[in-house]
1. Work out, step by step, the length gained on full extension between Ala149 and Phe128: first 0.36 nm times the residue separation, then minus their alpha carbon distance; give nm to one decimal.
2. Note down the net charge around Arg178, summing +1 for each Lys or Arg and -1 for each Asp or Glu among other residues with Cβ under 12 Å from its Cβ.
Amino acid sequence: MKKLVIVFCILLCASAAFAKTASMQIGFSTLGVNAGAAAHFGDRFKVGVNGSIVLLGDKNSNDNSFLGWLFGQGFFSVDLIENTANDLDMRFAFAYMQIDSNAPVEEEDVYSIMFAGVTFGVQYTHWFGDNRNHGIYVGVDIPLGGYVATNDDNDNGHPFVGPFGSLATLGVIASSFRFGYAFQF
């Protein structure tokens, strides 16, 4: 806990010392944690990375079943609001998602879904303070297309176009829904 407080203080001091050239975010996603970083180019453009991790175990199970969830993306975003206190970023990203479970599903020991493709998202950030250097954010992404694969013998993998062409759509929306605290350097 002491280390977390020290890191938090360092981030606050760094955000006060620099002038909006980079930002970081830490928070929560659906059932997990979220973190990201972005470099700012001018007042409206950002390039960065974002990711979410979930690892859930079943305490009541004797077979140590778990659900592991990994979502990562590299993105380019454009801020639509010309206001220093608010950012409404439209994000285009290349994303990768993998969901693994070792809980038995239809007599299989491991079930997994993998997605790689392009996503479109929206993230809103409200900045606080005299220098607008810290704030809160909320965002979500949907897939525009890509490739999805499962370990199911009937549907091992296929490309898709559009947000409703794959089971991965629900996984991407659930894993990319994020909220938390942001720092602007």
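Here, each number is a calculation from the coordinates, and none is a lab measurement. Bear in mind the structure is a predicted one, so any value in this text is a computation, not a measurement. Note that we place each Cβ from the backbone using ideal geometry, even for glycine, and neighbour counts take in every protein chain shown.
1. On the way: separation 21, 0.36 × 21 = 7.56 nm, distance 4.22 nm.
Value of the extension gain: 3.3 nm.
2. Working: positive: Arg91; negative: Asp141.
Local net charge: 0.
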